[in-house]
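Below: the structure, in structure tokens.
The values are calculated or read from the model by the stated rules, or taken from the named source; none is laboratory data. Since the model is a prediction, treat every value here as computed from it, not as a measurement. When we count neighbours, we look across all protein chains shown, and the Cβ atoms used for this are built from the backbone with ideal geometry, even at glycine.
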Amino acid sequence: MQNLVLTEKMAARSLYILKHKNEKMIKQLSKNSLNQFRLIAFLEGISYLILLCIAMPLKYKFGIELVVKYTGWAHGILFVAYMILLLKVWKQYNWSFKKVVYAFVASLLPFGTFVFDKQLRENKIV
């Protein structure tokens with residue numbers, strides 16, 4: 001039970017950090033469709049990691065199934081938004097099919113959206 005309390009405190013602390021430390025980044029990223037895509041990619045990556053690293057262990061170690069339910073819903077909504085914005089920036093910025101496939105595969109891998117965003121900022125993706 002003590003581990004559960006520590007895990008909940010860690011999750012609350014992570015959400016606090018995400019909310020308050022990244023407000024400036026969120027305002028900057030929401031200016032155009034590419035930046036909106038990058039913001040959703042960041043949030044989708046975070047939700048995926050929370051699902052894998054916090055919610056799934058809570059479900060299978062402590063039997064708390066609701067954490068996976070709600071985290072899964074949030075991640076699913078962010079994933080759909082990621083795909084919609086991916087199609088939008090593909091058309092708007094004339095991305096190559098290779099780049100779009102890379103972005104799609106990145107959304108399926110843990111830390112993939114972060115790697116894709118870094119390469120996108122550095123213009124390393126064709």
Exercise. Are any residues in region 107-126 closer than 16 Å to Phe79 by Cα, assigned to a loop (DSSP other than H, G, I, E, B) and of a type in the set (S, T, N, Q), and if so, which ones?
Worked result: none
Exercise. Within region 49-82, which residues are of a type in the set (Ser, Thr, Tyr), under 25 Å from Arg38 (Cα atoms) and modelled with pLDDT under 95?
Worked result: Tyr70, Thr71
Problem set entry | Top-ranked residue of region 84-99 - restricted to ones that are surrounded by 15 or more Cβ atoms within 10 Å (Cβ to Cβ) and of a type in the set (A, V, I, L, M, F, W, C), ranked as farthest from Leu34 (Cα to Cα) | Trp95
